[in-house]
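Coordinate-derived values only; no laboratory data. Since we're looking at a predicted model, the values are computed, not measured. Cβ placement follows ideal geometry from the backbone for every residue including glycine, while neighbour counts extend to all protein chains displayed.
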Amino acid sequence: MKRSGIIALVVAIAVIGLIGLKLSGNRKEFRDNVAFAQRKIEKIPVSVEAATRGVLAKNVAATGTLEASDVLNLVSETQGKIINIYKEKGDRISKGEVIAKVDDEVISANVLTAEANYEQMQKDVERLTRLSEQNAVTKHDLEQATIGLKKAKADLISAKKALGNTSIKSPIAGYINNDFITVGQLLGPGSPVCEIVNNNKLKLNVRVSESDVYKIEKGQTVDVLLSVFPDRKFAGKITAIAEKADGAMKFNVEITLENDVNAHLRSGLYAEAEFNVKNEEKIILNKSSIVGSMESPVVYVVENGKAVKRNIIIGQSNDKQVEVLSGINPDEQVIISGQLNLKDGDEVNVVK
């Protein structure tokens, strides 16, 4: 019993000793942590970059779809049955080329009748003119014959025009995008024949904001990019700028471009226009120097070894840089790294 008591006492003393050592170590660690937290950092390391004057490269971009320069819905000017079709959907056609032929038998007969009537009236006028010179007929008779000749000429012109309309011709060059006729179909005046699309020149209508519309001008060259040709740029030219904004305060800009024989551009393709604009020279900063939001930007500059807070007003920006309209002077050393925990007046150490 005595031995057991001695052993228990020794174990208790050892445990108490261990606990004491542990508490002592914890107190030392705590004091070290407090001392580290309370120690004063004399200078905060930062990186700087000088503010410079320059032009921030920024293109104005807008999107739209290509449109054909000419789109014509051709309709019939005559009446009759279609007897031949020479051009169909998908065919290329030249200006003046015949698309279809309408039965012209009756109209040809009308032309013959009009020609005969005209020739007869010519002879009547010639005969009455000779008689009038001899005072053998009245002037009234000659006048009536002259009027009849003019009417006969007009009838002949109309008959020939009607005969010409039986050959339905294309008034423009292009492609037949859609057709609406078949052989044997009876046409009437105004009946649809086909839709002709001329893509030799293409138009691109885009909308730009009021802040960008004064950066572009009529006649300016524009880069046109198409998603179907990602590795190419097509040259366009501004042909019109709207004088009035739409309901969204956007201005329509029309761009014209020549079709590329190798690419064979089609109307309806999605396109993006890039306008190269000239910006005035301003102070340029690295975008990483800004603390806070772009709406309320703040930067720090180094003055006499201290960080000085500056509120700035910014303009345009890109992925890496930003224009400064006020708040910074050229050549000032602006902090671009290490400024997140700075306070106005903190001492800093500029590192490379």
Note on the chain: contact order normalised by length, alpha-carbon pairs under 8 Å, 6 or more apart, percent, works out to 26
Given unit charges at Cβ for Lys, Arg (+) and Asp, Glu (-), the dipole magnitude of the chain about its Cα centre in debye, nearest 20, is 2260
Neighbour-count ranking for 70, 246 (other C-beta within 10 angstrom, fewest to most) reads 246, 70
Across all Cα atoms of the chain, Rg and the largest Cα-Cα distance (Dmax), in Å, are 44.9, 179
For the stretch 176-334, averaging the sequence separation of alpha carbon pairs under 8 Å that lie six or more residues apart and dividing by its residue count, the contact order in percent is 17
Sorting 194, 242, 204 by the position of each Cα along the dipole of the stretch 194-242 (Lys, Arg +1; Asp, Glu -1; all at Cβ), the one nearest the positive end of that ordering is 194
Taking placed amide H atoms and a strict 5 Å upper bound, the residues 5 or more places from residue 322 or on another chain that come that close are 285, 287
Taking the dipole of the stretch 227-352 about the Cα centre (Lys, Arg +1; Asp, Glu -1; charges at Cβ), the one of 275, 255, 351 that reaches farthest to the positive side is 351
If 294, 121 are placed from fewest to most neighbouring beta carbons inside 10 Å, the sequence is 294, 121
Summing -39500 (n - 2.57) over every DSSP H run of at least 4 residues in the chain and dividing by its residue count gives a helix-only mean residue ellipticity at 222 nm, to the nearest 500 deg cm²/dmol, of -9500 deg cm²/dmol
Cα-based Rg and Dmax for the stretch 75-193, in Å, come out at 20.6, 68
Spelling it out for residue 137: with amide H atoms placed in the peptide plane at 1.01 Å from N, the residues 5 or more places away or on another chain with amide H under 5 Å from its amide H are 132
From fewest to most C-beta neighbours within 10 Å, the residues 270, 118 line up as 270, 118
The stretch 224-261 scanned against label point 7 Å out from residue 218 along Cα→C-beta; backbone N under 17 Å for 237-245, 251-257
The rounded separation in angstrom of the Cα centers of the stretch 146-163 and the stretch 273-319 is 79
The relative contact order of the stretch 75-193, taking Cα pairs under 8 Å that sit 6 or more residues apart, comes to a percentage of 53
